[in-house]
Amino acid sequence: MSVLPSDRPTRVRLGVLAMVCALSMVTYLDRACFGMAAPSIASELGLADVAELKWAMTSFAIAYAVFEIPAGAMGDRVGPRSMLLRIVLWWSACTALTGAVGLRVGGVALGGLGTLVTLRFLFGAGEAGAYPNITRAVHNWLPARSWETAQGMVFMSGRLMGGLTPLIWAFLVGGTAGSAGLVTWREAFLLFGGLGVVWALVFAFWFRDRPDDHPGVNAAERALINSEWRPRARHSSVPWRALLTNRSLWALCVMYCSINYGWAFNMTYLPTYIQERFGLAGGDKIGAIYKGMPLWVGAIGCLLGGLSVNGLARMLGDRRLARRTLGVVALSTGAACWWGAIRAGNVHQFCILISLAAFTIDLTLGAAWATCQDLGREHAAVTAACMNTIGTLGSALAGWLTGTLVERSMTAATVAAGGALSATEKRLAVLSGYDAAFASYLAVFILAAACWLLIDPRKPIGASNE
């Protein structure tokens, strides 16, 4: 018996949203665990400070940026299913292998810093395209009015797991004052890599690229999904010239580069900075909460972002104007939060203020990724990949520059002291380097807010410029 469109819609689309949210969680777990393990890795490799891992942090972001657009374009062409499976299995293998770097077998070390930098580059290359292909899946499976909310939920899930990672790490690896951790940091990488493989197996069995291909979708759900504009079912060539000359896309890319630069600290140097400045060690549960706080608070921003756009759209009568207003107000507030954080006198003030700054970024994520869908339409994945590529370059720059400023501060202090630094002198030099980096974070928030004034996706990619 055929299914009538008037029947109650099935809910496969909600299962798709749950799957990509779970993927976002695994993504952030595997990213955040490197920042937590950084002090142990630096010690195992005989490095003087975590700042010397800057190229390991930067190589991931560089590779991610280089391969983001090809992976997004391929997702538009072959569909998100095959691309996401390849991406997850690749990065899961790299996560597991990270735990073997520097391991001594029979007196021989399995690689050093160079090996780690190479592996992190391969990690970034493998993970590139994850969020553009998630965007493609959201584009195919959800009605347009749900895009901001869906994107907000995807990033909320990732942020929540990123915020949980320090606490998970404290329980698994940090242990307590009276006992060792359940696993070593090397075993934790192997465990986290295995979670990605489990996700891939479930996804391969259940997910389909489009609602029409899934046996569990009835006619009513297809009608609901297609109730608004949908891309034509064809594989046209990517309009590279139109992409490169679209002013709104360039403004969107610069904005995303800026917020990625300002946000990268939370996933890289924050755990070490809190330990260095405030003495909260890796196994400290309160310290773990503080280390994950920007992601906990940011997750709320991801969830509220879509709701905020909906509310502003009703007030202003224009959804695109609502996104712009939210972007300008939120990121200007984020700049003020970093201004206060630079002057914070204790760990409570500092973590609250940088968490609020992260909140303002995450409040705008749904709007940014939904704008890619407005601009790109049938090329939504490659458009999102363009934005995320430039954005990832911001992360790469932040990872490199922050580490460089800390190293230079230590070098200058060593020269001034005429020799080796005491523990106190080294700590002060390290913190001075971070202070210089923090000033740049404030500046990029202001730049990002200004960029939202130039973003107007009223015409999709390929239409003539306004």
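Brief remarks on what is shown
- Equivalent ellipsoid, the chain (semi-axes from 5 times Cα gyration tensor eigenvalues, Å): 38, 26, 20
- Translational diffusion of the range 333-408, µm² s⁻¹ [Kirkwood Rh, Cα pairs; Stokes-Einstein; 4 °C; 1.567 mPa s]: 89
- Expected 222 nm ellipticity per residue - DSSP helices of 4 or more, -39500 (n - 2.57), all of the chain, to 500: -25000 deg cm²/dmol
- Normalised contact order of the range 346-436, rounded percent, pairs of Cα under 8 Å and 6 or more residues apart: 19
- In terms of its alpha-carbon gyration tensor, the range 322-459 comes out prolate; a/c meets the 1.5 threshold, and the first ratio a/b outweighs b/c.
- Cβ-based exposure ranking for Asp209, Asp318, in which fewest neighbours within 10 Å come first: Asp318, Asp209
- Residues Arg77, Arg210, Arg120, Arg104, sorted so that the one with the fewest Cβ neighbours within 10 Å comes first: Arg104, Arg77, Arg210, Arg120
- The mean sequence separation of alpha-carbon pairs under 8 Å and at least six residues apart, normalised by the residue count of the chain, gives a relative contact order of 26 percent.
- Annotation for the range 346-406 versus the range 59-83: alpha-carbon center distance of 17 Å.
- In the chain, taking the dipole from charged Cβ atoms about the Cα centre, the farthest positive-side position among Tyr64, Pro132, Ser332 is held by Pro132.
- Residue order, fewest to most beta carbons within 10 Å, for Leu89, Leu353: Leu89, Leu353
- Backbone amide hydrogens, once placed in the peptide plane, bring Val217 within less than 5 Å of nothing, excluding anything fewer than 5 places away on its chain.
- The range 79-174: C-alpha gyration tensor shape, a/c 1.5 cut-off, then a/b vs b/c: oblate
- Signed unit charges on C-beta, dipole axis of the chain, positive-most listed residue Ala358, Phe155, Leu393: Phe155
- Euclidean distance of C-alpha centroids, the range 151-225 and the range 263-338, integer Å: 21
- Hull volume per residue, based on the alpha-carbon atoms of the range 273-403 and their convex hull, is 125 Å³.
- Each Cα pair under 8 Å and six or more residues apart adds its sequence gap; the mean of these over the residue count of the range 273-410 is a relative contact order of 26 percent.
- Taking a ≥ b ≥ c as the square roots of the eigenvalues of the Cα gyration tensor, the range 1-60 is classed as prolate, since a/c reaches at least 1.5 and a/b is larger than b/c.
No value in this document is a laboratory result; all are computed from the given coordinates. Just so it is clear, the structure is predicted and the values come from calculations on it, not from any experiment. Note that each Cβ is placed from the backbone with ideal geometry, even for glycine, and that neighbours are counted across all protein chains shown.
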